[in-house]
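The values are calculated or read from the model by the stated rules, or taken from the named source; none is laboratory data. It should be emphasised that the depicted structure is a prediction, and the values quoted were computed from it without experimental measurement. Note that each Cβ is placed from the backbone with ideal geometry, even for glycine, and that neighbours are counted across all protein chains shown.
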Amino acid sequence: MNSAFVNDMFSSISRRYDLLNDTLSLGIHRIWKRELISTGVAHLRKVAGSKVLDLATGTGDLAFGFAKRTPESVEIFGADFCAPMIEEAARRQAAQGMARIQFRQGDALALEFSDQSLDLVSVSFGARNFADISKGMSEIARVLKPNGLALILEFGRADSFVGRAFEKFNSAWLPFWGGLLTGNSDAYRYLHRSSEGFPSGEDFLALCKKAGFASCEYRRFFPGNVFLYSLRK
């Protein structure tokens, strides 16, 4: 994966990233993200003085979701390697008055957190953009405390007719609508290709076990090509 290309691509679409997510998923991505947040909040209730990192945070959807549903004692960080995305997150933060979230630019392959320092790490549709997926997952495992939880929401291979039809629809229309609304159809061609090439399901679980996770499982969301991975140290 070419990091410079991915950075430039997300920089070019950052101002309309949220609009595109809502338009192209018909808002369904918000339901998937709420499920991830609910799973994370249930885990954090068992941990005092928790620290949360939303990695590849984009414009901060998950970070804001955790901030709204956890007490002030929970420290929340949002990191993304694309500076314009962090700038968008900071604008949303100012508008919502969510000063407790600490947004920063950061590399998923070299996290600026010490070993075993975090209770929860989340990634929403960003793992497929890691320059090295195995190394990125190893970094997440490194910074998690024992029994810490990583929640990874990502596209993958569909297991149903509806899911495969959705994939066909995306391959045809994602570049068209993405290009129409952002002027960068190549970015949305890339996003579709990266989803198709991601090692989903059992393949991703095997990768995560090698990265240092002791317990790995997943569940699918409608329409069958969306996975929520729950990974414990």
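Let's see how each residue does on (1) closer than 18 Å to GLU154 by Cα; (2) surrounded by 15 or more Cβ atoms within 10 Å (Cβ to Cβ):
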{"residue": "ALA63", "(1), (2)": "yes, yes"}
{"residue": "ALA67", "(1), (2)": "no, yes"}
{"residue": "ARG92", "(1), (2)": "no, yes"}
{"residue": "GLN105", "(1), (2)": "no, no"}
{"residue": "LEU111", "(1), (2)": "no, yes"}
{"residue": "LEU118", "(1), (2)": "no, yes"}
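In this structure, does SER134 turn out to be under 20 Å from TYR218 (Cβ atoms), surrounded by fewer than 21 Cβ atoms within 10 Å (Cβ to Cβ) and of a type outside the set (Asp, Glu)? For SER134, the condition - under 20 Å from TYR218 (Cβ atoms), surrounded by fewer than 21 Cβ atoms within 10 Å (Cβ to Cβ) and of a type outside the set (Asp, Glu) - is met. None of ILE140, ILE86 is in a helix (DSSP H, G or I), touching an Asp or Glu at 6+ places or on another chain (Cβ under 6 Å) and on the phi < 0 side of the Ramachandran plot except ILE86. Being assigned to a helix (DSSP H, G or I), at pLDDT 95 or above and small (Gly, Ala, Ser) holds for only one residue in ALA4, ALA79, ALA67, and it is ALA67. Out of contact with any Cys (no Cβ under 6 Å at 6 or more places or on another chain), aromatic (Phe, Trp, Tyr) and closer than 21 Å to LEU44 by Cβ - does that describe any residue in the stretch 115-137? Looking for residues that are out of contact with any Cys (no Cβ under 6 Å at 6 or more places or on another chain), aromatic (Phe, Trp, Tyr) and closer than 21 Å to LEU44 by Cβ, one finds none in the stretch 115-137, hence no.
Counting only residues that are among the hydrophobic types (A, V, I, L, M, F, W, C) and free of Cβ contacts under 8 Å to residues at least 40 places away in the same chain, the stretch 78-108 holds 8 of them.
Here the helices (runs of 4 or more DSSP H) wholly within the stretch 147-231 that include at least 1 residues being at pLDDT below 90 are 161-182, 185-197. Residues of the stretch 40-58 that are of a type in the set (Val, Ile, Thr) and over 20 Å from GLY136 (Cβ atoms): VAL41, VAL47.
For the residues THR39, THR57, the requirement of being assigned to a loop (DSSP other than H, G, I, E, B) and either under 18 Å from TYR229 (Cβ atoms) or at pLDDT 95 or above (or both) singles out THR57.
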